[in-house]
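The block underneath contains the structure these notes are about, expressed in structure tokens.
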Amino acid sequence: MIEKKTKPRANYCFKGVAVSPGIAIGKAFILSGESVKIEERRIDDNEIETELENFCQAIEKTKQELKEDTESVVSRIGDENAKIFETHHLFLDDPYLIDETKQAIEAGKMAADYAFYSIIEKYQKQLAGSDDEYMRERAADLRDIKRRVIRNIQGNRTDFLNKLTGAAIIVARDLTPSDTIALDKHKILGFATDLGGKTSHSAIMARSFRVPAAVGLHRVTEFIQNEDRVILDGTEGIVYINPDKKTIDRYRQIQKKLNAINQQLTRIRSLPARTLDGKEIELAANLEFSDELDNVIEFGARGIGLYRTDFLFLAKEELPTEEEQFEEYRSVAERIRPYPVIIRTLDVGGDKSPQNISIPPEDNPYLGYRAIRICLERPDIFITQLKAILRASMHGNVKILFPMISGISELLEAKQMLEKAKAELSKKRIPFHNKIDIGVMVEVPSSAVITDLLADEVDFLSIGTNDLVQYTLAVDRGNERIAYLYRDLHPAVLRLIRSVIDAAHKKGTWVGMCGEMAGNPLATLILLGLGIDELSVSPIVLPEIKNIIRSVEYSEAVELANQVMEMKTPKEIEDMMMKKMRQKFKDLIF
Ligand code: PEP
Ligand code: MG
């Protein structure tokens, strides 16, 4: 969003939602937002020439930037990923687009940014409404072009890729998965965004980058300017703009303390997640990008409890082939073995919109065409992925997880597709592990209610609290306005979780948790006491969660869970857990 920025006041402070712990102190880097702001501005005759010139220069500058960005992406993540920029080049050479804009400036007396905006919006709408899937996808390219050119016309372009020369705190209105993929991870000190909630995918990606992050800061992008000094407190969700010396000193002290705690925690890296009286659970990590695997192992994870394969699909313009997917899955399976990797089949839709799968605009994307619903309708995509996973099962301990199952019929259909994938491989004599474990994510309340029925059909269950909380409480997980209602320690959520664990155990079925609640230190003892078999968490919080488990008796956790179940409000539960944690872990900063 381009707006005239209010001059930031010294030591100005914003409070949002804490999503990835730690402190970062550094320079701000403003990443362009999804949309641009335009005023409807008419010009006088004597301004026409300047506006025309401004427009032509902006087009040339954008071409140059695209060229640089393409080179940068090619050198960092390969040719394939740079293809997204090819169509952008074509649009900038389109005579209709250019001539119509010039005409709107000359004859329509529109300011250059307003003229370009109006013309491109028209084309964008036409493309978005087209019956042809390819054309609809081009609408997204136009949006990007619009953003880039208008930034250049307005003259305050904040660079997308190349200008991130030194380490910086990334500040953005929101972070889409595709924006984030393009960033150079080594230069990111932290993330601060206007939008988003604790379990929005921008927050999940920040955690996978292992940097502090705060989201839902509302209007922080209007106040921060490039190069401003910023303190980002990802533990409390606070951002300071141009802080005074006293604040910086205080945060340096906290940083030191956190480093010391982390050092302490690394000592338990290779130890199991076992209570003082010997109850052990599996503590695994969530994985978004395969190149994060070394870090996952370094943090002491015993397996991958959730491998979100979605990012393979989001990074490219074309669908990833069976071979490409197989290589990825094989490499993860090989590197993590003998520990397991639970590969979740494609889960796009909601806040993840790939360029390579057509998802028509929807009023309620989180209740719409997403995850297994897409896969069951697109066997071409689903069976290809299943074959790749099956082939990878020969190279490690691989399990399959189906997302967003809301009833038995969907599960049975997914299982049928798996059988088809197996048959296709068998026909070609390609080896795979026929008895591969399959599981279902319990993330829709209906599936939680029929856990017993699902358990009859699968080898394991994994509770996806990010969605389960949003659907149970009817609170959009990414909406910062109502983030205060999104509470994983809500009695309704806890009762549902307890019933899932009990129903699964009655059937002798293993049940884990892979939503962000699994990594919430205030929830650890409750989940342990309720009998969860596994927690799969962001690597960044794994040592802390392990430390909590290793510091209690199992009987204490069971007693605590029973006590919590009697409580009536999330606040009561949170307060009690916070008190408990403070008593028990005086050194840890809660
Ligand atoms: C969940 O919903 O808890 C989950 C793990 O899936 P995602 O966050 O990818 O929707
Ligand atoms: Mg989910």
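Here Ala492 does not qualify as over 29 Å from Lys352 (Cα atoms) and part of a helix (DSSP H, G or I).
Taken together, the residues in region 276-291 that are over 24 Å from the mean Cα position of the chain (by Cα) and in a loop (DSSP other than H, G, I, E, B) amount to 5. The one condition from (1) in a helix (DSSP H, G or I); (2) modelled with pLDDT under 80; (3) small (Gly, Ala, Ser) that Ala115 does not meet is (2). Taking interchain pairs and intrachain pairs at least six residues apart, which have beta carbon atoms under 9 angstrom, with the first residue in region 467-483 and farther than 20 Å from Leu496 by Cβ and the second within 13 Å of ligand 1 (Cβ to nearest atom) and part of a helix (DSSP H, G or I)? Qualifying pairs under 9 Å: Gly478/His201; Gly478/Ser202; Gly478/Ala203; Gly478/Tyr366; Gly478/Gln470. Test Asp113 against the stated conditions and say whether it is under 17 Å from Ile48 (Cα atoms) and without any contact (Cβ under 8 Å) to a residue 12 or more places away in the chain. The answer is no for Asp113. Within region 266-275, does at least one residue satisfy the condition of being within 16 Å of ligand 2 (Cβ to nearest atom), buried (at least 19 other Cβ atoms within 10 Å of the Cβ) and outside any strand (DSSP E or B)? Taking every residue of region 266-275 in turn, none turns out to be within 16 Å of ligand 2 (Cβ to nearest atom), buried (at least 19 other Cβ atoms within 10 Å of the Cβ) and outside any strand (DSSP E or B). For residues in region 417-468 being assigned to a strand (DSSP E or B) and hydrophobic (A, V, I, L, M, F, W, C), which is nearest to ligand 2 (Cβ to nearest atom)? Across region 417-468, the extreme among qualifying residues is Met441.
For region 395-429, a residue qualifies if it is among the aliphatic types (A, V, I, L, M) and either in contact (Cβ under 8 Å) with a residue 40 or more places away in the chain or within 16 Å of ligand 1 (Cβ to nearest atom) (or both), and the qualifying residues are Val398, Ile400, Leu401, Met404, Ile405, Ile408, Leu411, Leu412, Ala414, Met417. Being open to solvent by 30 Å² or more (accessible area, probe 1.4 Å) and either within 16 Å of ligand 1 (Cβ to nearest atom) or not assigned by TED's automatic domain parsing to the domain that holds Ala315 (or both) narrows it down to one of Asp351, Asp363, so name that one. Exactly one of Asp351, Asp363 is open to solvent by 30 Å² or more (accessible area, probe 1.4 Å) and either within 16 Å of ligand 1 (Cβ to nearest atom) or not assigned by TED's automatic domain parsing to the domain that holds Ala315 (or both), namely Asp351. So which of Val541, Val552, Val564 ends up being open to solvent by less than 20 Å² (accessible area, probe 1.4 Å) and not in a helix (DSSP H, G or I)? Testing whether each residue is open to solvent by less than 20 Å² (accessible area, probe 1.4 Å) and not in a helix (DSSP H, G or I) leaves just Val552.
For Arg373, are the conditions met, namely being within 16 Å of ligand 2 (Cβ to nearest atom), of a type in the set (Lys, Arg) and open to solvent by 20 Å² or more (accessible area, probe 1.4 Å)? Answer is yes for this residue.
The values are calculated or read from the model by the stated rules, or taken from the named source; none is laboratory data. Bear in mind the structure is a predicted one, so any value in this text is a computation, not a measurement. Methodologically, a virtual Cβ is constructed for each residue, glycine included, from the backbone with ideal geometry; neighbour enumeration extends over all protein chains shown. Remember, those area values only see protein heavy atoms, side chains included, never the ligands or the DNA or RNA. Shrake-Rupley method; radii C 1.70, N 1.55, O 1.52, S 1.80 Å.
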